[in-house]
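Reading through the structure tokens given below for one structure.
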């Protein structure tokens, strides 16, 4: 996907960003097409407002864009996705030095309706996982925490209590100690195992400072992490990744379940991986994916 040299600078930047998502980030064609649609809607609006380049964009433009989207009947979640797509593009332009400041900093997205668990988009997950500094011990620890929470749908208490002996490297599983002292085996993907192995072999041994601890994740004094300490870690990287909304550490668990079901996983398997004793608790995620299917149908069907 090449940027057209005759196209406005706004479109050139979007085309380059989409090429980055496809080639360097390896996003699926459908995901790239979804970002393209969101950003095309935004760039069309900005051009009508007389904005020629992303360096001219201000938060007031995004406020007006979201207000127009609401007037046109777009749902709060769709508007939040439009804003998330814009944040991803702006963050990429900032990393490349093509923007001097973030025009969307401090902008609060639309409030989402209650009743359904809030979850992150795939782009937001990628930005969150990329936020920690891989060149520091704490950055590698934090990347491992985020990777495992998303890979295995772990609760905060399960992250804190995870022991080195609970990692079953040969089969790629974690022995998770859940609520009521119930244990479950949760498979994790190869990327998460590699990140975890690298952390255990290097940063964790240095964080121990000569102490003997069973917990996988330690603070900078070599002691086990607290719930508040873990929340501060997650909150720090949510801010760094430019992710707003009603996000808590539990949001990564919701995201894990939702993305599995969207990918075709069956409800019973997701129930077992989450450690829900009642499948009715897991069924809330089917409402999320059903709502998403309705939105996709309305967006893409010729008579939608």
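Taken together, the values in this text are just the output of simple stated rules run on the coordinates, not laboratory data. This is a predicted model, so every value here is computed, not measured. We place every Cβ from the backbone using ideal geometry, glycine too, and count neighbours over all the protein chains shown.
Per the Kirkwood definition applied to all pairs of different Cα atoms, how many angstroms is the hydrodynamic radius of the range 33-192? Intermediate results must be reported in sequence, preceding the final value.
On the way: mean 1/r = 0.0540 Å⁻¹.
Final number for the Kirkwood radius of the range 33-192 is 18.5 Å.
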Centre separation in Å (Cα based) which lies between the range 50-85 and the range 181-253: 34 Å
Can you tell me which of 16-24, 248-256 comes out highest on packing, and rank the rest after it, using the mean Cβ neighbours within 10 Å? 248-256, 16-24
Stokes-Einstein at 20 °C, 1.002 mPa s, Kirkwood radius from Cα pairs: D for the chain in µm² s⁻¹? 102 µm²/s
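State whether the range 9-113 is rounded, prolate or oblate according to the following rule on the C-alpha gyration tensor (a ≥ b ≥ c being the square roots of its eigenvalues): a/c under 1.5 gives rounded; otherwise a/b larger than b/c gives prolate, and the remaining case gives oblate.
Here the range 9-113 falls in the oblate category.
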Ranked list, fewest to most other Cβ atoms within 10 Å of each Cβ, for 231, 54: 231, 54
Using a simple spin-label model with points 7 Å from Cα along the Cα→Cβ vector, what separation in nm is obtained for residue 59 and residue 232? 2.6 nm
Fewest-first sequence of 149, 62 by Cβ atoms within 10 Å of each Cβ: 62, 149
Crossing angle, helix 227-240 versus the chain [Cα axis fit, 0-90 degrees, rounded to tens]: 20 degrees
Divide by every residue of the chain the summed helix terms, -39500 (n - 2.57) for each DSSP H run of at least 4, and state the resulting mean residue ellipticity at 222 nm, rounded to the nearest 500 deg cm²/dmol. -18000 deg cm²/dmol
If one puts a single equal scatterer on every Cα of the range 218-281 and applies the Debye formula without solvent, what log₁₀ I(q)/I(0) results at q = 0.14, 0.17, 0.19 Å⁻¹? -0.59, -0.78, -0.87
Could you list 15, 266 so that the one with the fewest beta carbons within 10 Å of its beta carbon is first and the one with the most is last? 266, 15
At 7 Å along the Cα-to-beta-carbon direction for both residue 179 and residue 208, put a label point, then send me their distance in nm to one decimal. 3.4 nm
At 0.36 nm per residue, and after removing the present C-alpha to C-alpha distance, how many nm does the segment from residue 277 to residue 68 gain when stretched out fully? 70.8 nm
